[in-house]
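Step one of this worksheet: look at the structure below.
What follows draws every value from the coordinates through simple rules; no lab data is involved. The structure displayed is predicted, hence computed values, not measured ones. Note that we place each Cβ from the backbone using ideal geometry, even for glycine, and neighbour counts take in every protein chain shown.
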2 protein chains.
Amino acid sequence: MKFCSQCGAPVILRVPPGDNRHRHICDVCGVIHYQNPKIVAGCIPEWEGRILLCRRAIEPRYGLWTLPAGFMENGESAVAAAAREALEEANAVVENLRLYGMYSLIHVSQVYLMFRGHLRDGYASPGEESLETQLYAEEEIPWEQLAFTVVHETLRQYFAERRAGAFGVHVGDIIREPDQQFRIHRYP
Amino acid sequence: MKFCSQCGAPVILRVPPGDNRHRHICDVCGVIHYQNPKIVAGCIPEWEGRILLCRRAIEPRYGLWTLPAGFMENGESAVAAAAREALEEANAVVENLRLYGMYSLIHVSQVYLMFRGHLRDGYASPGEESLETQLYAEEEIPWEQLAFTVVHETLRQYFAERRAGAFGVHVGDIIREPDQQFRIHRYP
């Protein structure tokens, strides 16, 4: 951020009075421009025991597989956002969404809200941001070609709990280490 | 938003190609400025059966009571944000935070992530954004002077479940009706 989005003047990075973090401040019109984490809403759509994955047609991680998920929009609910992303990315109608995981991706300032649910009719086809869509049984999941750590973690936990017969709600932080590897901190 | 925060040129509100929503677009440098919901992280701090509330020293709802909560910052986890807000608003150290509620406030594009937890030592005192802090037993809660619907709903559910002896994780939408009343949609 270099300019004030309200008046167009250059902004300055400074700690405002009473605050303890640097903010982009406009000294012309007085606005403080806060920047906050974004929410990614997604889901684990199941159909007859298989899980819907999408192969990404966009960066980052072009060509790799992911659960349908994307940025929540202003003016919608988190549940609606997760359903909308399944529709946009896979032309899939998901139902009975239940909160399944909440992960903070600290290095990119994102919070993933992952729901579990069911496809209404088993139908899916690639939306604009997907190269292909596929229903995978657990033993068919392309674990080595998953796009994101949070997707890997969500699917791993989902299959383990499905086998055990009880789903929880999971909270974790995904931390990028200095060596660029990801570490997961799970909360009880 | 009137000006591009990257180059300072005026922005135009238009639907970008491949999108279906109006965005603030800069035709000079090409940046699309997305605006997304903000996360409010908070907690229900318990100490010897009583709950810590803060009386707000800031607008909106100056003078009314609330659970410690505030905007999550970039570069932190949701759990850390909830603990930080308790420290900032009530000089209170909270422990053992567990996700308790996730509420979408559609009319203000906010998602509340509410955790339950315990005060480490029972100590609390007003931070800069609080007029006073108080530990309240269930029968002492100032229900008519609570600042926000989401706080009312969270506390109501918390006490009901504490009496029943089992806590769940709750998902809901808080919707402002045309008559300015709030309606809560709860998901199973």
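Quick rundown of the values:
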item: Distance from region B:34-71 to region A:35-80 (C-alpha centre basis), Å; result: 29
item: Nearest-ten-degree value, helix B:78-90 long axis tilted from longest Cα axis of chain B; result: 60
item: Folded to 0 to 90 degrees: helix A:149-164 orientation relative to chain A principal axis, Cα; result: 40
item: Theoretical ellipticity at 222 nm over chain A - DSSP helices of four or more residues, -39500 (n - 2.57) apiece, nearest 500; result: -5000 deg cm²/dmol
item: Calculated label separations, B:E48, copies of the chain, 7 Å along the beta-carbon direction, nm; result: 6.2
item: Net charge over other residues, Cβ less than 14 angstrom from the Cβ of B:R120 (K, R count +1; D, E count -1); result: -4
item: Per-residue HN-Hα couplings for region A:92-97 [Karplus 6.51, -1.76, 1.60; θ = phi - 60°; Hz; x = Gly/Pro]; result: 10, 9, 10, 10, 6, 6
item: GNM flexibility winner over chain A from A:E140, A:E88, A:E129 (Cα, springs under 10 Å); result: A:E140
item: Cβ-isolated cysteines (cut-off 4.7 Å), chain A; result: A:C43, A:C54
item: Filtered chymotrypsin sites (Phe, Trp or Tyr not before Pro), region B:125-156: DSSP coil and at most 15 other beta carbons within 10 Å; result: none
item: Highest-fluctuation residue, A:L131, A:L67, A:L52 considered, GNM on chain A with Cα pairs under 10 Å; result: A:L131
item: Region A:88-105 versus region A:159-188: alpha-carbon centroid distance in Å; result: 16
item: Of A:A83, A:A160, A:A41, the one that fluctuates the most in a GNM where chain A has Cα springs shorter than 10 Å; result: A:A160
item: Copies compared at B:R98 - label distances in nm, ascending, label defined 7 Å from Cα in the Cβ direction; result: 1.7
